[in-house]
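So the structure is just underneath, and the comments pick up after that.
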Amino acid sequence: MLKYIELKSGFADNGPAWVARVKLSKSRQTVYFNGKALKRLSGGGIAGNYFDIETREEYWISGVKKSGPDRHWAGGGTVFIETSAVAEYLEYTGAAVLDRRRFQVIPDLATPDPAQFKAIENEKL
C-alpha cells in the first residue's frame, strides 16, 4: 500500500517526506515504515496524526493524492520515492513521468517486522 509520510517534529511543513510502501496492522492503527512503527494519535497531535512508538516524533501520513502535490501548501522540499513505487505512483496519479523537481528516487526502504515492536506496543503506560 502506497502512502505519503512526512516527519513533522521539529520541521513544521518542510520535514523529510516519502512516498513509500507501508504495512498496516490488523487494526489499521499502526503503520510500519522504514524500520519504524508509527501509531495513530488519538485526539490528534501537535502537527502530525501518527507518532513513532520509540522516539515519540510526530508524522503526517495520508494516502497519495491523485492531483499530485502531497505536501502541505505552506511546505516545501523534495519528496523521496522508493524505486519500486514509481510505476504505481505514476499509474495512480495518471502522470506520464515523475517530476524530478519534486521527487528524488531512492532505493526501496526496509520493511520492518511488526513482531519487533510487539513488546513496546503492549507496554503499560
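Since every read-out is calculated from the coordinates, none of them should be taken as a lab result. A quick note: this is a predicted structure, and the numbers were derived from the prediction, not measured. Backbone-built Cβ (ideal geometry, glycine too); neighbour counts: all protein chains shown.
How big is D for the chain, in µm² s⁻¹ as a whole number, if Stokes-Einstein is applied with the Kirkwood radius of its Cα pairs at 4 °C and 1.567 mPa s?
86
Pairs on different chains or at least eight residues apart, Cα atoms closer than 18 Å: how many lysine pairs in the chain fit?
So the count of such lysine pairs works out to 17.
Using the charge dipole of the chain (Lys, Arg: +1 at Cβ; Asp, Glu: -1 at Cβ; taken about the Cα centre), state which of PRO107, PHE51, TRP18 has its Cα farthest towards the positive end.
Checking the options against the dipole of the chain, the answer is PHE51.
Take the alpha carbon atoms of segment 66-102, find their center, do the same for segment 1-34, and report the distance between the two centers in whole angstrom.
Cα centroid to Cα centroid, the span is 15 Å.
Only loop residues by DSSP count here, and only those with at most 14 other Cβ atoms within 10 Å; note down the chymotrypsin sites (Phe, Trp or Tyr not before Pro) in segment 61-119 that meet that.
Here the chymotrypsin sites (Phe, Trp or Tyr not before Pro) that fit, given the DSSP loop and packing criteria, are TRP73.
What is the sum of charges, Lys and Arg at +1 and Asp and Glu at -1, for the other residues whose Cβ falls under 14 Å from the Cβ of VAL64?
The answer is 0.
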